[in-house]
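S.K.: Following this message is one structure expressed as structure tokens.
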2 protein chains.
Amino acid sequence: MARVVVDVMPKPEILDPQGKAVQGALPRLGFQGVSEVRQGKRFELELEGEATEERMAQVHEMAATLLSNPVIEDYDVRVVQ
Amino acid sequence: MARVVVDVMPKPEILDPQGKAVQGALPRLGFQGVSEVRQGKRFELELEGEATEERMAQVHEMAATLLSNPVIEDYDVRVVQ
């Protein structure tokens, strides 16, 4: 069994209203000195069997088609323990 | 300037309807062999100055109060390059 993490973040050039909302709330809650916040998604997948090259190619396809919107988001795939 | 990542995931014992929806969609889209999907949030913070012990304690407090709901979510904080 393999465990894979897919991180999906808004592309740097894309406005991120969720992140901006968090950033705006921080000073009101007494937290200073945070110059930027970006909010994205994290997926943890459990694969049946090993993380073979073929399975990982499938995970990349999932990440690019189902888990992220490639117009506005970047994704990163990695195997974890 | 320090860059900090905060990962927020639903606790293992908590139902995760978003993850279940993704998992349900995978076979319909032709992806087999994924036995579990959990969906959470990923925050990337940029701090002014260094990630001192005091600043990181503040980030942990942010993570526990603003970025996550500790009743249903776990969080993980780490400094990245």
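Quick note: the coordinates plus some simple rules give every number you see, no bench work behind them. Keep in mind that this is a model prediction, so the values were computed, not measured. Positions of Cβ are backbone-derived with ideal geometry, glycine not excepted, and every protein chain shown enters the neighbour counts.
S.K.: In region A:15-57, how many residues are within 27 Å of B:THR65 (Cα to Cα) and among the aliphatic types (A, V, I, L, M)?
M.R.: So the first thing to find is which residues in region A:15-57 are within 27 Å of B:THR65 (Cα to Cα), and the list is A:15-45.
Then keep just the ones that are among the aliphatic types (A, V, I, L, M); that gives A:15, A:21-22, A:25-26, A:29, A:34, A:37, A:45.
Final tally of qualifying residues: 9.
S.K.: Taking region A:31-74 on its own, how many of its residues are of a type outside the set (Gly, Ala, Ser), within 11 Å of chain B (Cβ to nearest Cβ) and part of a strand (DSSP E or B)?
M.R.: Total satisfying the criteria: 12.
S.K.: Can you name the residue in region B:36-63 that is more than 21 Å from A:SER35 (Cβ to Cβ) and of a type outside the set (Val, Ile, Thr) and, of all such residues, is nearest to the chain's Cα centre (by Cα)?
M.R.: Going through region B:36-63, the residues more than 21 Å from A:SER35 (Cβ to Cβ) turn out to be B:36-40.
Among the residues that remain, those that are also of a type outside the set (Val, Ile, Thr) are: B:36, B:38-40.
On the way: B:GLU36: 17, B:ARG38: 10, B:GLN39: 8, B:GLY40: 5 Å.
Applying the filter and picking the extreme gives B:GLY40.
S.K.: If you don't mind, another one. Anything in region B:1-56 that is surrounded by fewer than 18 Cβ atoms within 10 Å (Cβ to Cβ), touching a residue at least 40 places away in the same chain (Cβ under 8 Å) and acidic (Asp, Glu)? List them, or say none.
M.R.: B:GLU46, B:GLU48, B:GLU50 - these are the residues of region B:1-56 that are surrounded by fewer than 18 Cβ atoms within 10 Å (Cβ to Cβ), touching a residue at least 40 places away in the same chain (Cβ under 8 Å) and acidic (Asp, Glu).
S.K.: Also, I was wondering about something else. Could you tell me whether B:GLY19 is more than 7 Å from chain A (Cβ to nearest Cβ), within 13 Å of A:GLU44 (Cβ to Cβ), outside any loop (DSSP other than H, G, I, E, B) and within 18 Å of the chain's Cα centre (by Cα)?
M.R.: Numbers: more than 7 Å from chain A (Cβ to nearest Cβ): yes; within 13 Å of A:GLU44 (Cβ to Cβ): yes; outside any loop (DSSP other than H, G, I, E, B): yes; within 18 Å of the chain's Cα centre (by Cα): yes.
Criteria met by B:GLY19.
S.K.: Which one is surrounded by the most Cβ atoms within 10 Å (Cβ to Cβ), of the residues in region B:57-73 that are in contact with a strand residue (DSSP E or B) (Cβ under 8 Å, 6 or more places away or on another chain) and either closer than 28 Å to A:GLN58 by Cβ or not charged (D, E, K, R) (or both)?
M.R.: In the first step, residues of region B:57-73 are kept if they are in contact with a strand residue (DSSP E or B) (Cβ under 8 Å, 6 or more places away or on another chain); the result is B:59-60, B:62-64, B:67-68, B:72-73.
Right, trim to either closer than 28 Å to A:GLN58 by Cβ or not charged (D, E, K, R) (or both) and you get B:59-60, B:62-64, B:67-68, B:72.
Values: B:VAL59: 23, B:HIS60: 13, B:MET62: 25, B:ALA63: 22, B:ALA64: 15, B:LEU67: 21, B:SER68: 22, B:ILE72: 12.
In this case the residue turns out to be B:MET62.
S.K.: When you go through (1) more than 7 Å from chain A (Cβ to nearest Cβ); (2) closer than 20 Å to A:ARG3 by Cβ; (3) charged (D, E, K, R) one by one for B:ARG28, which number turns out not to apply?
M.R.: Among (1) more than 7 Å from chain A (Cβ to nearest Cβ); (2) closer than 20 Å to A:ARG3 by Cβ; (3) charged (D, E, K, R), the lone unmet condition for B:ARG28 is (2).
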